[in-house]
Structures are given as C-alpha cells and as structure tokens.
Amino acid sequence: MLLPLFERLEASAIGEAVRGSLWLFPIVEAFHLIGLAVIGGAILVVDFRLLGLTLRSHSVSRLAHDMQPWVVSSLVLMIVSGIPLFLSEAIKCYYSFAFWTKMTALLGAVLFTFTLRRVVAGAPEGRYSPTWNRAVALTSIALWSTVGWGGRWIGFSG
Ligand code: HEM
C-alpha cells in the first residue's frame, strides 16, 4: 500500500535532482550532520544536568529554557535537510528497517521532548525526585540516540 507512494516520492523533482547531482546529497547531508550536532548538544546539556553530572550551579529549568530555541531550530533543520535525502532514496528507505526504526524513534523523541521531559525539566528545583529526573534524562538520551543510530544505519543498509 505504501510502496506506490514511496515510488512516487522517489520519482519527485527533488528526488531526481538530488540523485542526479554529484554534490547535492553530500552537501545536504552535511547540513543534516550540523543539525545533528546542535540538537545533540542542546538535548544533552539538559539531560546531563538532570542526571546531576554537570552544570550543577545552573537550575535545570533555566538550562531547559535557554536550550529550547536550539532544539526547535535544529529539529527544523533536520527535517528540512532529511526530506531531500529521503526523497533521493525513498524506495531504499521503504525496505530499510533502519529507516522505520529511526522514524518511530523520532516520533517518540519529539513527543517525549515536548511533553513529559518539558514538564519535568521546566519544573522548580526539587519538584521531582532525582530518580524521576534520571529516568526522564535516560529515556531522552535513549530515544535521540536511536534516531541517530537509525540515520547512520540507513547508509549501511545497502
Ligand atoms: C532530529 C532528527 C534527525 C536526526 C537526529 C537524524 C540523524 C541522522 C544521522 C546521524 C544520519 C547519518 C548521517 C551520516 O552518517 O552521514 C542521517 C542520515 C539520514 N537521515 Fe536523518 N536524522 C533526523 C531526521 C531525519 C528526517 C526527518 C528524515 C526524513 C524525512 C531523515 C532522513 C535521513 C536520510 C534519508 C539519511 C541518509 C541515509 C544515507 O546515508 O543513505 N532524517 N540522519
């Protein structure tokens, strides 16, 4: 049912243009990697603070507030750069377990980041127990790491 849609997406003008160019895929993927570095950094700063590993002189809520614009803008960059990469190899992605793992983890990571994690990280100091803070941080790191691994794994999956 989905395959005809993915075939049409791969045959799209953007898909053709990226596939037909020697430089477009690596240039777009370079922006994808820049976005990855920024979103990774902005997420980990708050998660490491929630784990009590670093920046203990800063309140979690202050850090979460300051990192929010970086998370949002780099997420937009990842989606805007990911779509042309995807369109250039949509059929490969359709058959790629790595792609579906990544997209499922990405949906979970975005939902978790903008709901539960946002509430816990935005709360006044001490509202939630250290165990709860650690559980939220480890879940966040696991979800976003799966997205990254899935992305790298697509490239290895033929
Ligand atoms: C925050 C969200 C995202 C993260 C953290 C992420 C992460 C990654 C990583 C680490 C790579 C491997 C880059 C490399 O090794 O050169 C990658 C490649 C890729 N990503 Fe993403 N990505 C995200 C969003 C997206 C979205 C929304 C799409 C599609 C709609 C997408 C589609 C792709 C594709 C097609 C590749 C190329 C795989 C290949 O090498 O053939 N990504 N991504």
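The values are calculated or read from the model by the stated rules, or taken from the named source; none is laboratory data. Remember, it's a predicted structure, so these values are computed and weren't measured experimentally. Please note: Cβ atoms are built from the backbone with ideal geometry, for glycine as well, and neighbour counts cover all protein chains shown. Calculation scope for accessible area: heavy atoms of the full protein, side chains included, ligands and nucleic acids excluded. Shrake-Rupley method; radii C 1.70, N 1.55, O 1.52, S 1.80 Å.
Please indicate, with yes or no, whether at least one residue in the stretch 28-39 is assigned to a helix (DSSP H, G or I) and closer than 22 Å to LEU116 by Cβ. Yes: one or more hits.
The number of residues in the stretch 128-158 that are among the basic types (Lys, Arg) and either more than 16 Å from the ligand (Cβ to nearest atom) or touching a residue at least 60 places away in the same chain (Cβ under 8 Å) (or both) comes to 1. So is LEU53 closer than 25 Å to TRP149 by Cα and not in a helix (DSSP H, G or I) or not? Spelling it out, LEU53 is indeed closer than 25 Å to TRP149 by Cα and not in a helix (DSSP H, G or I).
Tell me whether the stretch 57-66 contains one or more residues that are under 13 Å from the mean Cα position of the chain (by Cα) and in a helix (DSSP H, G or I). No.
Annotation: ARG134 fulfils all but one of (1) touching a Ser or Thr at 6+ places or on another chain (Cβ under 8 Å); (2) open to solvent by 70 Å² or more (accessible area, probe 1.4 Å); (3) among the charged types (D, E, K, R); the unmet one is (1). With the structure loaded, tell me whether THR113 is away from the ligand (no atom under 16 Å from the Cβ) and of a type in the set (Val, Ile, Thr) or whether it fails that test. No, not satisfied.
Checked across the stretch 118-127, the condition of being assigned to a helix (DSSP H, G or I), surrounded by 19 or more Cβ atoms within 10 Å (Cβ to Cβ) and either within 10 Å of the ligand (Cβ to nearest atom) or touching a residue at least 60 places away in the same chain (Cβ under 8 Å) (or both) holds for at least one residue. Screening LEU3 against (1) open to solvent by 50 Å² or more (accessible area, probe 1.4 Å); (2) away from the ligand (no atom under 12 Å from the Cβ); (3) over 20 Å from LEU143 (Cα atoms); (4) not aromatic (Phe, Trp, Tyr) leaves a single unmet condition, (1). Scanning the stretch 58-86 for residues that are hydroxyl-bearing (Ser, Thr, Tyr) and more than 9 Å from the ligand (Cβ to nearest atom), which turns out surrounded by the most Cβ atoms within 10 Å (Cβ to Cβ)? Here the answer is SER61. For the stretch 9-57, residues that are aliphatic (A, V, I, L, M) and open to solvent by 40 Å² or more (accessible area, probe 1.4 Å) total 18.
Considering only residues in the stretch 87-117 that are loosely packed, with under 15 Cβ neighbours inside 10 Å and either among the hydroxyl-bearing types (Ser, Thr, Tyr) or not in a helix (DSSP H, G or I) (or both), the one that is nearest to the chain's Cα centre (by Cα) turns out to be THR104.
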